[in-house]
1. Given the structure, is Thr60 buried (at least 20 other Cβ atoms within 10 Å of the Cβ) and within 16 Å of the ligand (Cβ to nearest atom)?
2. Pick out the one residue from Asp183, Asp188, Asp171 that is at pLDDT 95 or above and crowded, with 19+ Cβ neighbours inside 10 Å.
3. Going by the structure shown, is Ala238 crowded, with 18+ Cβ neighbours inside 10 Å, away from the ligand (no atom under 16 Å from the Cβ) and either of a type in the set (Lys, Arg) or under 29 Å from Pro102 (Cβ atoms) (or both)?
4. Just for the stretch 201-219: of the residues that are open to solvent by less than 10 Å² (accessible area, probe 1.4 Å) and part of a helix (DSSP H, G or I), which one is nearest to the ligand (Cβ to nearest atom)?
Amino acid sequence: MDKRTFLRNTALLGAGGLLLPKLDLLASSPETSVADDALAFKQNELGYAFNALEPNIDATTMEIHYTKHHATYTKNLNTLVKDNNIVEKDIMKILKSISKYPMGVRNNGGGFHNHNFFWEVMAPNAGGEPSGELAQAISRDLGSFAKFKEEFSKAAATRFGSGWAWLIVKDKKLAVVSTPNQDSPLMDIAEVKGFPVFGIDVWEHAYYLKYQNRRADYIQAFWNVANWKKVGENYQKALTV
Ligand code: MN3
């Protein structure tokens, strides 16, 4: 029996009143909650260590970003889903009709989905340039890889306050956009709607510990961790939706 199964079983026993008070306390602590397995929305596992993107993104930033910021959006979303009796389990469907949901779902559902997406478009030993159909599409729709980098970097640098810059597919073509706060181009309220294939978080929590106010330096370093393999897969997927 693994730890989680043991704790779930003890929690279930606790619900039946069969446990000693000491174990009952254990079962009610947050990290051993019986509800954990039943949560509607979960953080994707990080596919690499917190320090794997050093020196471009430091380990402490990654750890706090994943275990605190992203974890909080996820926890809040699950609470909102429960409190508002939201039955939809597909986050993309929720985002596509976000105007019908409370503002908290827009903020936390966006934060939940954007970060799951973000962890995957970064990788250790990555960077360089995309290849294949993605590379061809970038040249076709955005001029060249160099022009795309310039346009995307500018969108990220000039997003006032907190938000994201994105490479999206709209009407089968690539475009660069940015969104405020935790909004996603998938949302029906987005200024320009599309399917995101690449993106950068430009909230200060994504870079402040290492780069302080130098957002431009963070954006420049971000190109060194761009996971073009995953972005290429996202692009293929985007063409089918
Ligand atoms: Mn963030």
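The values are calculated or read from the model by the stated rules, or taken from the named source; none is laboratory data. As the structure is a computational prediction, the values presented were derived from the model and not from experiment. For neighbour counting, all protein chains shown are included, and Cβ atoms are generated from backbone atoms with ideal geometry for every residue, glycine included. Ligands, DNA and RNA are stripped out before the accessible areas are found, and what is left, the full protein with its side chains, is counted by its heavy atoms. Shrake-Rupley method; radii C 1.70, N 1.55, O 1.52, S 1.80 Å.
1. Working: buried (at least 20 other Cβ atoms within 10 Å of the Cβ): no; within 16 Å of the ligand (Cβ to nearest atom): yes.
No: the conditions fail for Thr60.
2. Numbers: Asp188 fails: crowded, with 19+ Cβ neighbours inside 10 Å; Asp171 fails: crowded, with 19+ Cβ neighbours inside 10 Å.
Going through Asp183, Asp188, Asp171 in turn, just one is at pLDDT 95 or above and crowded, with 19+ Cβ neighbours inside 10 Å: Asp183.
3. Values: crowded, with 18+ Cβ neighbours inside 10 Å: yes; away from the ligand (no atom under 16 Å from the Cβ): yes; either of a type in the set (Lys, Arg) or under 29 Å from Pro102 (Cβ atoms) (or both): yes.
Criteria met by Ala238.
4. Applying the filter and picking the extreme gives Ala206.
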